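This report concerns only the one structure given below.
The values are calculated or read from the model by the stated rules, or taken from the named source; none is laboratory data. Quantities reported herein were computed from a predicted structural model and do not represent experimental measurements. We place every Cβ from the backbone using ideal geometry, glycine too, and count neighbours over all the protein chains shown. For accessibility, only protein heavy atoms count, side chains too; no ligands or nucleic acids. Shrake-Rupley method; radii C 1.70, N 1.55, O 1.52, S 1.80 Å.
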2 protein chains.
Amino acid sequence: MPSYKLYYFDGRGLCEASRQLFAFADVPFEDVRLTREKFMELKPTFPYGQVPVLEVDGVQIPQSVAIARFLAKKFGFAGKTEVEQALVDGICDQWKDFYVETKPYYYSKEKAKTEVLLPARDKFFGFLKNLLNKNKNGFLVEGGVTYADLFIVDNMTSLVGWVPEYFEGHPEIEAYYKRVQDFPQLKAWLAKRPNDPI
Amino acid sequence: MPSYKLYYFDGRGLCEASRQLFAFADVPFEDVRLTREKFMELKPTFPYGQVPVLEVDGVQIPQSVAIARFLAKKFGFAGKTEVEQALVDGICDQWKDFYVETKPYYYSKEKAKTEVLLPARDKFFGFLKNLLNKNKNGFLVEGGVTYADLFIVDNMTSLVGWVPEYFEGHPEIEAYYKRVQDFPQLKAWLAKRPNDPI
């Protein structure tokens, strides 16, 4: 088996979906959590001066979604057919657009909550509901849980931590949120991981 | 062969890389270019109310990079190994970050040129130079040209159209820009496509 080393800060952020994929697949990895000082020291050695970076047998793969897709393909969580893989990629990019759109909220919570976060949430939850209604299996594509669910649900964990009423009026999204976290392998990881707010 | 229908506006934008992949592979597709009016009419039928959308035998795939990756995998332009595919995905995501970072420039050209575009260019060109130096084959990964080159080079076409000195002081990047456009299949497409500024 290849040796995996995953570099990130001591937080969930854009790395957690990849950690959860290792947990899902029950594959060991080195979970390297950098202090700001250690990050500044290693920054010039990373491909784009950023983390997360996954080191696989000495090769460094950068960019959070590229890392997660690589692991998801290896472990069977990237979609079951070529078309389904493209749909999962599209869902994840749509989530990334949502994440970029809502970033102002992370820096100025009160003002941006009503102006940015909640309108973006309503639009994005609408897309999720369409996918859930279409697939009927409780997930976003026919083949079951994928890396896109992990990005989306982990980001919801941050948002509901700041906005306790985040799921209000959206019971089917809250049920989806719980459904993903209810996989035994994921539950075990959630119980043992550091309890980071973000 | 599946039937392909690609919906977008009458411009290059986020769709052109996928059109170029069809040109590279010499695979026929329906290049549907929507007027604003026609787009507003079809908007509710698209998965996220956006274009580009690729219709493959009736299934609609949304999101520009997901579409391009799907076609690139089919046609052999997505990277030659699992690790290389992840590196290509990471390059493309890094470019997408550059694109999002430089978006203010698209709306306010004078102010944002020195404050946003040129610093982001210098950082991004630095990454491209590292990759070119490492691979020695003139492209960003060992396996040759990929969909990431197509996104990057087409975006350069827009930027050099607005900023004629865009490549000044970066001859190796300008050479790369020309190298990608020099593939005979791509040259033929560039010669016959509508001449859109963006």
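With the structure loaded, tell me whether B:Thr146 is surrounded by 15 or more Cβ atoms within 10 Å (Cβ to Cβ) and either under 14 Å from the mean Cα position of the chain (by Cα) or not aromatic (Phe, Trp, Tyr) (or both) or whether it fails that test. Taking the combined requirement at face value, the residue satisfies it.
Report whether or not A:Ala17 is open to solvent by 10 Å² or more (accessible area, probe 1.4 Å), part of a helix (DSSP H, G or I) and under 27 Å from A:Gly161 (Cα atoms). No; evaluated as a whole, the condition is false for this residue. Which residue is farthest from A:Val65 (Cα to Cα), if the candidates are limited to segment A:150-179 and must be open to solvent by less than 40 Å² (accessible area, probe 1.4 Å) and free of Cβ contacts under 8 Å to residues at least 40 places away in the same chain? Only one residue fits best here, namely A:Phe167. Is it the case, given these coordinates, that A:Ala120 is out of contact with any Leu (no Cβ under 7 Å at 6 or more places or on another chain), of a type in the set (Gly, Ala, Ser) and closer than 15 Å to A:Met156 by Cβ? Yes: the conditions hold for A:Ala120. Here is a check on your reading of the model: is B:Glu168 more than 20 Å from B:Ala17 (Cβ to Cβ), of a type outside the set (A, V, I, L, M, F, W, C) and in a helix (DSSP H, G or I)? Taking the combined requirement at face value, the residue does not satisfy it.
A count restricted to segment B:37-48 and to residues that are modelled with pLDDT of 95 or more and not in a helix (DSSP H, G or I) stands at 1. Considered as a group, the residues in segment B:62-80 that are touching a helix residue (DSSP H, G or I) at 6+ places or on another chain (Cβ under 9 Å), part of a loop (DSSP other than H, G, I, E, B) and open to solvent by 10 Å² or more (accessible area, probe 1.4 Å) include one that is nearest to the other protein chains (Cβ to nearest Cβ), and that residue is B:Gln63.
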